[in-house]
Amino acid sequence: MKSMFMSWMIGLALFTLRGNACAQTPDRLQQERIIRALSDPSFKMRLEATILVGKHKLERAIPGLLQALQDTEETVRAAAAVSLARMGNQDHRKHLIPMLKDPNKIVVHAVEQGLIQLDRARGEPRIFLVVDPLASSSAQTASGMATWVIAKVRAHLGASSHVVLSSGEEKVLSRDQLAQHLRRRKMFGFNIRAKIDKLDQQARRGSTQTHCEMNALVVTLTENRVEFVAFGEADAEIDNPRLTPQQKEEIEQVVLDAAAKASADKALEYLKARVEP
């Protein structure tokens, strides 16, 4: 009996996720009752409340919804994953990813459906990217900006509607599991490994000249095969040969950012062509 009830309720949760259920938004008093029910001793009450939170997108209930992700009942955890995705906040991916390791298959299915819903909200991108922080952090730069640079590469790539940046999927799933997971999400997975090849700043002919060269390796995520190298470079010249350390660092940041964007743009151009049907 519980199994039948569980299947019916999860079916209802997925039904609301697809946006097929509509009803009048509950008033404030009703919302308070729903939020309180998230911690009700009865798992049936918690389950119903969890579904209603997502159905009506009650953002005030998000803290309770996050607690519901850890509920002892798998039905509540699954419904919580669906409802959290229903909110439409892309930042909520980080709360869903650890649940891909849930021992219950219904929960994992609900999480994947939630991620697919969030993918759709971004325009159904087909490129899944891991931006490797280790590749850049090992690079030697004059001012120790490698970590800052990888954040810039990640930001430039993540701004594209063609891309979903990893929220840690590759850390909780095995290689085979990740490959299957991405297929269900209809995505191609890649790793971007950025590296600063050269950063040079010198006073020449009455000015300060700064030059940066970068490359971003496009590597298949599950096969670990290099497919493409995107080169980016940038220059700046300031009519002042005696800059302060702060000014030098600011110019380095501008040049590094420009080089990072150039390499990210070339990598993205390749990836978009790569995943075209």
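Each reported figure results from applying straightforward, stated rules to the coordinates on display, with no laboratory input. All values derive from a computational prediction rather than experimental measurement. Ideal geometry is used to build each Cβ from the backbone, glycine not excepted, and the neighbour counts take in all protein chains shown.
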Put a dot 7 Å past each Cα toward the Cβ at Gln253 and Gln70; how far apart are the dots in nm? 3.7 nm
Quick one: if the Förster radius is 30 Å, what FRET efficiency do Phe228 and Arg205 give, using the C-beta to C-beta distance and rounding to 0.05? 0.20
In degrees, nearest 10, range 0 to 90: what is the angle between the Cα axis of helix 146-158 and the longest Cα principal axis of the chain? 60 degrees
Can you tally the net charge around Pro241? Count Lys and Arg as +1, Asp and Glu as -1, for every other residue whose Cβ sits under 14 Å from the Cβ of Pro241. +2
Rounded to 5, percent antiparallel among DSSP beta bridges of the chain: 75 percent
Efficiency of FRET from Cβ geometry, Arg242 and Asp91, R₀ 45 Å, rounded to 0.05: 0.50
Which loop GluC sites (Glu not before Pro) in the range 185-277, with loop taken from DSSP, have no more than 14 other Cβ atoms within 10 angstrom of their Cβ? Glu223
Normalised convex hull volume, the chain, alpha-carbon set, Å³ per residue: 161 Å³
Charge tally in the Cβ shell below 11 Å around Lys105, where Lys, Arg are +1 and Asp, Glu are -1, Lys105 excluded: -3
Exposed loop trypsin sites (Lys or Arg not before Pro) only (DSSP loop, at most 16 other Cβ atoms within 10 Å): please give the longest stretch of the chain free of them, not including the sites. 58-121
Tell me which aspartates and glutamates have Cα within less than 14 Å of Lys195's Cα, excluding those fewer than 8 residues away on the same chain? Asp132, Glu213, Glu233, Asp257
Which pairs, out of Lys55/Lys272; Lys94/Lys186; Lys152/Lys248; Lys101/Lys186; Lys94/Lys152; Lys101/Lys266, put more than 27 Å between their alpha-carbon atoms? Lys55/Lys272; Lys101/Lys266
Tell me, Phe190, Phe231 in order of fewest to most beta-carbon neighbours within 10 Å? Phe231, Phe190
Calculate one ³J(HN,Hα) per residue across the range 95-104 by plugging θ = phi - 60° into the Karplus curve 6.51 cos²θ - 1.76 cosθ + 1.60, and present them in order as whole Hz with x for glycine and proline. 7, 7, 4, x, 6, 5, 9, 4, x, 9
Please give the helix 175-184 orientation as an angle from the longest Cα principal axis of the chain, in degrees from 0 to 90, rounded to the nearest 10. 70 degrees
Grab the Cα-Cα distance for Trp148 and Val172, subtract it from 0.36 nm times how many residues apart they are, and report the gain in nm with one decimal. 6.1 nm
Neighbour net charge for Ile127 - beta-carbon separation under 9 angstrom, K R +1, D E -1: +3
